[in-house]
1. From A48, A39, A31, A43, grab the single residue that is at pLDDT 95 or above, under 19 Å from F14 (Cβ atoms), out of contact with any Cys (no Cβ under 8 Å at 6 or more places or on another chain) and not β-branched (V, I, T).
2. Within segment 1-17, can you find the residues that are assigned to a helix (DSSP H, G or I) and either under 16 Å from G94 (Cβ atoms) or of a type in the set (D, E) (or both)?
3. Among the numbered criteria (1) hydrophobic (A, V, I, L, M, F, W, C); (2) touching a strand residue (DSSP E or B) at 6+ places or on another chain (Cβ under 8 Å); (3) closer than 19 Å to V6 by Cα, which one does F72 miss?
4. Considering only segment 18-33, how many residues are surrounded by 19 or more Cβ atoms within 10 Å (Cβ to Cβ) and outside any loop (DSSP other than H, G, I, E, B)?
5. Is there a residue in segment 34-49 that is in contact with an Asp or Glu (Cβ under 7 Å, 6 or more places away or on another chain), outside any helix (DSSP H, G or I) and either in contact (Cβ under 8 Å) with a residue 40 or more places away in the chain or not small (G, A, S) (or both)?
6. Tell me which residues, restricted to segment 95-110, are of a type outside the set (K, R) and either out of contact with any Lys or Arg (no Cβ under 8 Å at 6 or more places or on another chain) or not in a helix (DSSP H, G or I) (or both).
7. With the structure loaded, tell me whether I92 is in a loop (DSSP other than H, G, I, E, B), at pLDDT 95 or above, closer than 23 Å to W33 by Cα and not basic (K, R) or whether it fails that test.
8. Go through (1) touching a strand residue (DSSP E or B) at 6+ places or on another chain (Cβ under 7 Å); (2) surrounded by 20 or more Cβ atoms within 10 Å (Cβ to Cβ) for I40 and report which single condition fails.
Amino acid sequence: MASNDVVTLEDGTFDAEVLKSDVPVLVDFWAVWCGPCKAIAPAVDELAKEYKGKLKVAKLDIDTHQAVPQRFGIRSIPTLLIFKGGRVVDTIIGAVPKSKLVDSVKKAIG
């Protein structure tokens with residue numbers, strides 16, 4: 001389950017929460033049945049706490065909300081996109097180590 005620091009996105013809230021955000025946003029595209037998504041979830045939740053105020057962390061369930069994943073060409077999950085200024089600045093595919101996520105987040109914040 002997502003922590004209190006993680007925003008749960010829907011197709012209808014995506015633009016306001018992500019594209020119009022004044023801080024970079026890490027969006028985790030996931031699904032309940034996805035094992036690798038569950039594996040990466042604790043690291044994503046930790047990033048939300050560690051970078052609170054500098055980074056918004058959000059999750060979008062691709063089974064419940066399909067318009068946004070189609071819009072951004074999400075073909076496999078977990079896929080994490082980092083948005084800055086309304087644009088995708090980084091893409092991470094698969095259950096990668098937390099250190100890889102940290103590197104990408106630092107680049108987006110810096």
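1. Step by step, each of A48, A39, A31, A43 is checked, and only A48 is at pLDDT 95 or above, under 19 Å from F14 (Cβ atoms), out of contact with any Cys (no Cβ under 8 Å at 6 or more places or on another chain) and not β-branched (V, I, T).
2. D15, E17
3. Result: F72 fails condition (3) only.
4. The qualifying residues number 7.
5. No, segment 34-49 contains no residue that is in contact with an Asp or Glu (Cβ under 7 Å, 6 or more places away or on another chain), outside any helix (DSSP H, G or I) and either in contact (Cβ under 8 Å) with a residue 40 or more places away in the chain or not small (G, A, S) (or both).
6. Of everything in segment 95-110, those that are of a type outside the set (K, R) and either out of contact with any Lys or Arg (no Cβ under 8 Å at 6 or more places or on another chain) or not in a helix (DSSP H, G or I) (or both) turn out to be A95, V96, P97, S99, L101, V102, D103, S104, V105, G110.
7. So I92 fails the test.
8. (1)
The values are calculated or read from the model by the stated rules, or taken from the named source; none is laboratory data. For clarity, every value in this text was computed on a predicted model and none was experimentally measured. Counting neighbours? That spans all protein chains shown, and the Cβs are built from the backbone with ideal geometry, glycine included.
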